[in-house]
Amino acid sequence: MGAMPSSGLERLDPPVLRAVRETGAYGGFVYLLDPGERVLRLALVSGLPIDIFMPWIRVGLEAPLPLTEAIIRRRAVWVGVGEMANRYPQVGMVLPYPFASAYAPITLGETADGSGEGEGGGEGGDGGDGDLGSDAGVLGLLWPGTHPAGHTPVEHEGLRDGAARLGRLLRGIAAAGRPLRGGERPRVLLRRPPTRLGHEEALAAAWLTERLPEGHCAVELDGRISYANAAAAELTGIPPEELPGCRLWEKLSWLSDPVFEDRFRRALLSRRPTSFTALRPPDRWLRFHHHPDAYGVSLRIAPAPATSTEWATPEDRSARAMPGGRAAPVRVGALYHLMQLAAVLTEAVGVNDVVDLVAGQIMPSLDAQGLLIFVAEGGRLRVVGHRGYRPESMERFDGTPMDSPSSPAARVLSEGEPAFYGSPDELEPSFSGLPALTGKEAWAVLPLIASGRTVGCCVVAYDRPHPFSPDERAVMTSLAGLIAQALERARLYDAKHHLARRLQAGLLPRALPEVPGLDVAARYLPATRGVEIGGDFYDLIRLGGDTTADTAVAAAIGDVQGHNVKAAALMGQVRTAVHATAGAPPGEVLGRANRLLTDLDPGLFTSCLYVDLDLTARRARLATAGHLPPLLRHPDGRVTALPVIPGPLLGIDRGAEYPAMEIPLLPGAVLVLYTDGLVEQHGRDLDECMAELAQHVGETEARGSMDELADALLRRARRSDAFNDDIALLLLSPR
């Protein structure tokens, strides 16, 4: 039988090992970008076992991870010891260990941009998420938990040069017509310790360990024992001939608790010694010490005092050792993988978010190529999202009756248990013709049940036969419960969102009137996630009738305190009050609205700015009830904040007066009316924020339309980390 053909990934070895050596890292890895896709595939790992990377064998570029940030923003990303959990919680949840890391984009250009970044990634330019045609992948490096804060110039230079060398190598390989591809069989580089002992010396060293009363094992990076002395066999109870090649937590039922494997993984990632105490039934306590280095882990096993009760009671451990005792738990890698997937799903808001997150982040981590998500609705299965399936398949599946005998999804929902089909031969006998229709060769059909109620069904599919291991089945079954809960929350959110949008649409003007000689743009952007009802409002009112000759118009903008139905209802009352008196002097309009709200005594504060425009006379009169001053962009591009004398907020003082001011409004000028969500930022001075807004209004292209200016202002607000309030925006520009 001939040797398997080479994948070519061994050509990555020299530049990766050189980068590891030059930077003092203990390990590194390379992800390659699929040509024409937005997916990174693991290609090579050095210094760690492949098990550590299982949740991220394939990674969609939408995943919020340091390696995706590096390639999207085309810059190096540095993550110090203890920073991962705060900056990238999905990784920190799976790998809750102290270690430092760095990630540099690999490009097919002459150099890779790995420079100019300080600890935490810096504030360098954002490369955006546009054309990724020159990007080839990501180089990552790892340092132990003892790494000091910050990164040295040598580490920066080594990371940059390593990415550049990989870029040149990949460019040459691509030019030869055989580009490398990761993900299928990632290459694992295992460093071997230098051989400096002769045969006699090695034999003497072995006899030395044999004479020691403590157990000593040489453990590979993947947790398998390569050598163990006689004391290790005696202390663990494993026959000496069975120790080589085994993992202790898989071999011994009393070491099957995930915490024991977790200590081994902590030693690998942090490169720090770890230890734990465990009870060997019925009454023998043992202490396990891990001492990691670049080649593996040296494990020392010693008797511990009988008072050691660090991890569990004797009864608990005995139950694990007894025949028929409860089964060993899922491996820690699978548990951490599930935690990562759970963290992903907490970000979902609507049903589309659930589908996108499962498709963009969970599918790659499961190395799946197909996805179907159904919801149970009216006795039928409705497709709410899919990936990797042909359109004709969707026509067949959408609307399937929940009692259909020809649907594995319907059967799974009726039985309430997941089904796994590792090949077409397993599916065809029960569901004839379905493998050919789907174009897939393996399926996990998972019922989505939340709070005892059927929500729907999720199908994860593969392009090739896929044997589902017990760990994988356990993870997918648990994942189905998480998806069900996320989907249930999302459907409730979508229903509330739809209701809120209809209510909001009913309270805000459906369309602004067209006024001859006046360009107008209006925007409303809610910040509240959930019901999304706010009290911000705007209005434009034609005065004197609807004839095209009329050039008198009034504008209003305001903000009712709160983000709830009560605030929205009061907003509707304020708009009605302003409409009823529009055309009167601005101070009188606000005075009447104030008396109405004072009589209603709603218990909420309301600000309002009212503007009366005469387009023929080219003037505007303004009055404000505690609202932020509007901005005026003059025809020459200058921007000023109008010094309108503010009156009290509406609904506080029934006898309050609202002084008005008059300004010229020349053709080409822009009057910017807005609510505080556009400018206010927690912890910053309001005047400073308004000055920044005025500068942005002035710098935006003056020849652009009002819609373009409105969109530019909202984009600026969305980019702000402090965006947490509704925004209403009304722009007025006489021609």
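Rg and Dmax of segment 588-735, based on Cα coordinates, read 16.0, 46 Å.
Could you give the length gained on full extension between LYS251 and TYR227, defined as 0.36 nm per residue of separation minus the Cα-Cα distance, in nm?
7.1 nm
Residue separation of ILE50 and THR616 scaled by 0.36 nm, minus their Cα-Cα distance, works out to 196.3 nm of gained length. Note on GLU417 and MET394: with the Förster distance fixed at 30 Å, the Cβ-Cβ geometry gives a FRET efficiency of about 0.75. Sorted on the mean count of surrounding Cβ atoms within 10 Å across their residues, most packed first, peptides 281-292, 668-679, 370-381 read 668-679, 370-381, 281-292.
Between SER298 and GLU657, the distance separating the two model label sites (each 7 Å from Cα on the Cα→Cβ line) works out to 9.0 nm. Protein heavy-atom surface of segment 408-494, 1.4 angstrom probe: 51% of the accessible area is carbon and sulfur, with nucleic acids and ligands not counted.
Based on the Stokes-Einstein relation at 4 °C and a viscosity of 1.567 mPa s, and on the Kirkwood radius from alpha carbon pairs, segment 604-688 is assigned a translational diffusion coefficient of 92 µm²/s. Of the residues SER451, SER705, SER423, the one with the largest accessible area comes first in the ranking SER451, SER705, SER423, computed with a 1.4 Å probe on protein heavy atoms. Put a dot 7 Å past the Cα of GLU377, heading toward its Cβ, do the same for LEU208, and the two dots end up 7.2 nm apart. Rg and Dmax of segment 214-295, based on Cα coordinates, read 12.0, 36 Å.
Can you give me the % of accessible surface on segment 1-97 that is carbon or sulfur? Probe 1.4 Å, all protein chains present, nothing else counted. The computed percentage sits at 60.
Calculated FRET efficiency, GLU242 to GLU157, Cβ-Cβ distance, R0 = 45 Å: about 0.40 to the nearest 0.05. If the segment from THR454 to LEU666 were pulled out straight at 0.36 nm per residue, it would be longer than the present Cα-Cα gap by 70.0 nm.
The values are calculated or read from the model by the stated rules, or taken from the named source; none is laboratory data. Everything numeric here is computed off the predicted structure, so don't read it as measured data. Glycine gets a Cβ as well: all are built from the backbone with ideal geometry, and neighbour counts include every protein chain shown. For the accessible areas, the whole protein counts, side chains as well, though only heavy atoms, and no ligand, DNA or RNA atoms are used. Shrake-Rupley method; radii C 1.70, N 1.55, O 1.52, S 1.80 Å.
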